[in-house]
Amino acid sequence: MTTIQRLLGHNLLVEPIIETQTVGGIFIPGDAQQKRADRARVKRVGPDVAKKAGFQLVPGDVVVIEDFIGTGTPVDLDGVRHLIIDSDEVLAVLA
């Protein structure tokens, strides 16, 4: 079992949310799903995120992130793909 004990600085551990079907009902093929996610669920928050970002993020928040091709550091935790991203890559927090 792989776990991350602690994040450093202003980093976040997020799990990308991959939609398999658009709002209009169009199914997205598997290859395209792996390439892009614009939303992610926050799993862990580094100790300096609030100080740098100017707002508080907590585990469970759903955020809009930059396109993650080449963004962040991919981490596989128990077969689930996650990313470690800088708090600057968070564009918005969804309600």
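The values are calculated or read from the model by the stated rules, or taken from the named source; none is laboratory data. Everything numeric here is computed off the predicted structure, so don't read it as measured data. With ideal geometry, Cβ positions are generated from the backbone for all residues, glycine too; neighbour counts draw on all protein chains shown.
In the stretch 42-95, what residues are of a type in the set (A, V, I, L, M), part of a loop (DSSP other than H, G, I, E, B) and either exposed (fewer than 15 other Cβ atoms within 10 Å of the Cβ) or touching a Gly at 6+ places or on another chain (Cβ under 9 Å) (or both)?
Within the stretch 42-95, 58, 69, 95 qualify.
Note on the stretch 38-66: among residues that are among the acidic types (Asp, Glu) and modelled with pLDDT of 90 or more, the one that is nearest to the chain's Cα centre (by Cα) is 61.
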